[in-house]
Each structure stands twice: as structure tokens, then as C-alpha cells.
1. Tell me the residue from Met299, Met264 that is closer than 17 Å to Gly554 by Cα and aliphatic (A, V, I, L, M), please.
2. Of the residues in region 459-469, how many are modelled with pLDDT of 80 or more and out of contact with any Leu (no Cβ under 9 Å at 6 or more places or on another chain)?
3. Do any helices (runs of 4 or more DSSP H) entirely within region 328-429 hold 1 or more residues that are within 29 Å of the chain's Cα centre (by Cα) and at pLDDT 80 or above, and if so, which?
4. Does Pro72 meet the test of being closer than 30 Å to Tyr196 by Cα and modelled with pLDDT of 90 or more?
5. Suppose the filter is out of contact with any Pro (no Cβ under 6 Å at 6 or more places or on another chain) and touching a residue at least 40 places away in the same chain (Cβ under 8 Å); does Ala122 pass it?
6. Only residues that are surrounded by fewer than 22 Cβ atoms within 10 Å (Cβ to Cβ) and either farther than 11 Å from His686 by Cα or not hydroxyl-bearing (Ser, Thr, Tyr) (or both): list them for region 646-655, please.
7. Is it the case that some residue within region 33-55 is among the small types (Gly, Ala, Ser), over 22 Å from Ala205 (Cα atoms) and at pLDDT below 90?
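The values are calculated or read from the model by the stated rules, or taken from the named source; none is laboratory data. Small disclaimer: the values here were computed from a predicted structure and weren't measured. Virtual Cβ from ideal backbone geometry, glycine too; neighbours counted across all protein chains shown.
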Amino acid sequence: MADTARDADAAAAAIHDPTHGSFPLTREGKVLFWIAVAFSLYQIGTAMHVINLPSQVVRAFHVGFLMLLAFPLVAAMRGKPMPWRVVAWALALAGVSVAFYQYVEYQPLILRAGFPTNLDIAFGVVALFTVFAAAWIIMGPALPIISGLFLGYCLFGEYLPRPFNHRGYAFEQVIDHMAYGTEGIYGIPTYVSATYIFLFILFGAFLERAGMIKLFTDVSLGLVGHARGGPAKVSVISSGLMGTISGSGVANVVTTGQFTIPLMKRFGYRSAFAGGVESTASMGGQIMPPVMGAVAFIMAETLGIEYYEVVKAAVIPAVLYFASAFWMVHLEAGKRGLVGLPRAELPSALNAVRNGWYLVLPLAALVYLLFSGYTPLFAGTIGLSFTVLLILGGSIALGLPSQVLRFVFWIGLGLVAASFFRYGINVVLVLAAVLIAINIFVDGGRQTLAVCRDSLAEGAKTALPVGVACAVVGIIIGTMTLTGLANTFGQYIVSVGENSLFLSLVLTMITCLILGMGIPTIPNYIITSTIAGPALLDLGVPLLVSHMFVFYFGILADLTPPVALACFAAAPIARESGLKISFEAIKIAAAGFVIPFMAVYTPALMLQDGGPLAQAVGYWPAVAYIVFKAALSIGLWGVAVIGYLRGSLAMWERLVAAAAAFTLIAAIPVTDQIGFALAAIVLGYHWWRTRQQVEPAGQAGE
């Protein structure tokens, strides 16, 4: 299983990794490069309503582009011989033919919905086959097998024993349900992929090309590089910052990890621990607003709520997650006596901000628009437009003789771009055309245009795994809507939860971790929220909290063995076994396992109403109390796992610290009192013992 995960992740990393940057340097590679550029331009055109097509056709062409690019690109990047290349292109053209069929037959398909012709069935089978095949070659067998089992359940579930059986569905009905309409491969996940997700991935690709990674890294180095265990703390902060623009934990690993993992190893961290730090921090980027690995958009669409509500719920858990990872590496550094980097070798955080402040403007605009109630599609379009204009204006600004003129240029460019709100997309298009024309003639301008072109291609390439996963996971949602399978599992979880909510939450967590093995975060969230989300809601867990619970453990599934995608992506960089990295990642993320449970018992941790504490003391006092309690709990978990605070801890101290952390999870007064008492005992005794050890040494020195 581990070998399979490693092979699958190698393919996924090759697709995700911007450091692979270039497409194959062959004639075929150039064709694929321009297909990727066309894919991105098509998505921008639909987002800006320059291209106006029905929603069903937009989704069909989105999947068609994914098929056209996926098969030949993977075959070319793996160096397959010519016969395999021919097969890859044949599958690619077959996938595209489905999109054109849906475009040509759009109205007839609507009129004969539920009564497919033989030709409809044939194209439906082609659509399903190509989507499954693309998912297999890009992500390995895990997700296609799981989706295939659900598809098989639709076809043969009537022969299963009660209560798992259903009334039975004809082959034609299943194909029509899965391959047409908005319940199967063209369901909500594909809709979100074809709108929000692709746009935000493209947004991240442009920001990375503009120098955002260097800005994040330099700021992180300047802030904490000199501190105890500085290299690992740089990894945590830079990966958290990368999470604000990146939609993929694996992409975070293979970008920031190229720098941070060797740096940690050079300053004394073990290879497995260095890989674990990067994997843990990179996966945490999935819950870091505003992008949140693109799951936030699917969650908002599924729940029918505003996007900013999802972001609001994620803010405190995200901060606590990275605080816990930061705390773990701090303790590990103290335990092993690891020092920071020399200040002379570090860049200045202030200078980094001074030189690259304008790169933050698109991100700031994006956050402002999202929290102002604008749709993610509109906000993403504005953010992407601002980023493109900044890149196009970069070479022009560098030609200005003074810093003051550059500042005036950036402000003026921003004000002109902001006129989009009044005059529409034509302003941005005209301004972009003017900047492109100027760049043709100024020094370095053509290189700037090449950066924009390459960003379009890289964005499409990075979106491949996400888009294909959204298409194939639609089979699972289609099965749920057709057969009602989720009710069976939900009833079991509810029956357990009637006696013990905690046990029900543990079962849900295990389900998320198992279903998440080898599956990217987005399909994992969709699967687990479809199956387990309604059950938690029936147990009285608030709707958004229940979805955040399964989302959180879907992220942690990429760190848990035997199939840990993020850890296997870090393995070749750290030159260590992916499984060893996985065990270290679990240790580093141990405190993170606490946060979702605490949010269920006290929804104020996710800034939600409800729970006995909020009713007793009020909303904001409940928020302050639960944040303090959560911080103390994850701090105690870290001390128990690492075995170090001011000095090494005895085994009984670690056990008492773990017990204190555990009792602080529930929102019950007696368990809180026990937890605080145990925390006071172990922390007080440890401080007294380590002080006793330090003072005699100091007196002896005198």
C-alpha cells in the first residue's frame, strides 16, 4: 500500500509542483503547453462573462479540457513510449468529444432527460471511463476504487442484504444520472472547480510567479530565523502564509519544502522530523483563510451560506493549528539543543516588506471583497485581475528612477483598476492591453509577458488533480442522491451517539481518516461530509461545525499512515521514508487532533452560537474562555508528546500532562476543574524541579 501511495504521489507531485515549471521540451510538450494556456483563458473568459455558456456546458467543457490535458501530459512527463502516447491522445480526444456532444445536444438532452438514447448512453459510458482513468493515472487507485464501489452499489446494490440494499436501478438510469445533469460527474464539486477553484489556483500561480514565495520566506526568516529552532519555525510560518494563496497541501510541500527541509536538516533536525514539520505545516494551509484549499467554496455552496461564514469559522482553529505546530518545533528544538540561524545570514523582514509590499495588495483586496459579501467568483476575478496588472506593471515600475515614482505608479495603477467596480470588465481589459503593448517595448517587458503566459499554463497544470478529483467524486454524491445510502451510515452513527457523543465523534474521525487515505482534501471532504455530516447534525452538532469537523480530519488524513500524501511528497526532499515522516507528522500534529473535538463541545471556538457555555456566560466570554482552554490543552499535548518544557519530563509528568489535556476537551465543569488542577500540578512541579536544578548550578558557579 505504501509503495502504491508513493507512486501515485510522485505523479501528483509532478503535476502540482511549479518547480517542474516547464512542460516537456518537445513538440508535443509545446502543444500541451498551449492547451493549458487555452484552458486558463477559457476559465477566465467564463468567470468574466466574456464567454457566456449555460452552466451545464461550462462544466462539460471544464471536464473536457481536464481530459484533453491530463492523459497526454502524464504520459509525456513519465516518458512513456509512442504506443502509450497514442493511447493517451485517443483517451484525451474521447474526453473532449463528450464535452462537444453536450454542447451540440444541450437542448435535446434537456428535453429527453430521463429517457436517454443509445448514443447518449454511449457518450455517458465514455465520460465515466475517461474520468475514472484520468483519476487513476494522476492520483493512483484509491479514489477511483472508492468511487467505483459506489458506482457498483448503484448497479448491484439491490442484491445486498438489508439494510444496505436498494430497490434496483437500470443501467441506462444509472448512466443518465451520473453522466448528464448536475448529480454525477457534473455535480456541485465540478461546478465549484469550474468556477471558484480554478480561478483561485490561477490566482496563486500568478502570485507565486510574481515573487510571493520569496516574500513569505524572507519575512519568515527575518522574524524567527534567529530564534531557537529557527529553521523549523520558518517552515511553519512560511507554509502558513503559503496556505493563504495555495489550494494544495502537496504543492506547499514541494515548493516551500525545497528550501525549508534542507535548511532544517543542516541545523540539526532529523530528516524524518524535518519532513514531518513541513508536511504538517503545509497541510495546515488547507484551513488557513482565505483560500482554504478551495474546500471553503464547496462548503459554502453545499451549505447554502455566505463564504465569509466559513472563513469566520476557520480562523481560530487555523491559528491554533499553526500555534500548536510552532509550539511542537519549539519544544523539540529545546530538547535537542538546536539553535537558530546567525542574524548576519538572515534577510530583513522589514526590507522584504518594503520591497514587495505591493504583492500583498491583491490578497488584501481579495479578503476585503470576500468579507464584504461579494461572491467568491467576483472576488477571485478581481484578485486575479489585480495580480496580472501588477505583474504587467512590474517591469515598467522598475524602469522608474526613484522609489517615490514607483509608489505613485502602483497607487495610480490600483486606482485605475479599482474603477472596475463602476465601469466593468472593459476597464481591466483595456488597461491590460495598454500594459501589454508597453511591455513589448520596455526593458524586461517581454520576460514579464512570458511570466504571465507561463502562469496561465502552470495554473492549468496545477488544477488538474483538483478538477479530476471533483469530477470522479461526483459519482459518490450521485450515488447518495440516487440510493439514499448516507441514511444507513448516518442512522448507525446516530444510534451510537445517543449513548455517547464522544464515541460517535471518534467513529466519525476514524471514518474520515480511513476514507481520506490517498485521497486529496477536496474529495475527502465531499465524501465524509456527505456520509457523516448529516449524522453529526442529528446529534445536535451545529451544521457548519459538523462540516468543519470532517474537513479538519480530512486534512489530517494526509498525514496518517499507511497512505500519507503530504509525507510521501516530502520523502524525496528529506531523503527519508515516507512512513517515518508520517509518524513524526502525527506527533507534531498531535495537538491539532484536539481542536475539532473541542469545537463540537463548545461551538464558540468556531465563532458559532450554541453550547451550554455560551448560554451560561454569554457569547464573547465563551469565546475567550474556550480559546484559552484550547491553547492550554494543545500546549499540554505538546509537552506530553515531546517530553520537554523547561527541561526533560519524567514519564509520570508526561502522563499527567496528557490526562490534563484530555479532560479539558469536553465542556463539562467537573472535567474542566480536573484538567486545570492537573495542569497546575504538573506545570508547577516541573517549574519547581527545573528551578531547583538551575539554582544550585548557578550557586556553584558563584
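1. Matching residue, one of Met299, Met264: Met299.
2. 1
3. 349-356, 360-371, 376-398
4. It is true that Pro72 is closer than 30 Å to Tyr196 by Cα and modelled with pLDDT of 90 or more.
5. On the way: out of contact with any Pro (no Cβ under 6 Å at 6 or more places or on another chain): yes; touching a residue at least 40 places away in the same chain (Cβ under 8 Å): no.
Against the criterion (out of contact with any Pro (no Cβ under 6 Å at 6 or more places or on another chain) and touching a residue at least 40 places away in the same chain (Cβ under 8 Å)), Ala122 does not qualify.
6. Within region 646-655, Arg646, Gly647, Ala650, Met651, Trp652, Glu653, Arg654, Leu655 meet the criteria.
7. Residues of region 33-55 that are among the small types (Gly, Ala, Ser), as a first pass: 36, 38, 40, 45, 47, 55.
Subsequent filtering for residues that are over 22 Å from Ala205 (Cα atoms) retains 55.
Imposing the further condition that a residue be at pLDDT below 90 reduces the set to 55.
The answer is yes; a qualifying residue exists.
Residue by residue, here is whether (1) crowded, with 17+ Cβ neighbours inside 10 Å; (2) at pLDDT below 70 holds:
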| position | (1), (2) |
| --- | --- |
| Gly478 | yes, no |
| Thr481 | no, no |
| Tyr492 | no, yes |
| Leu501 | yes, no |
| Ser504 | yes, no |
| Met517 | yes, yes |
| Thr521 | yes, no |
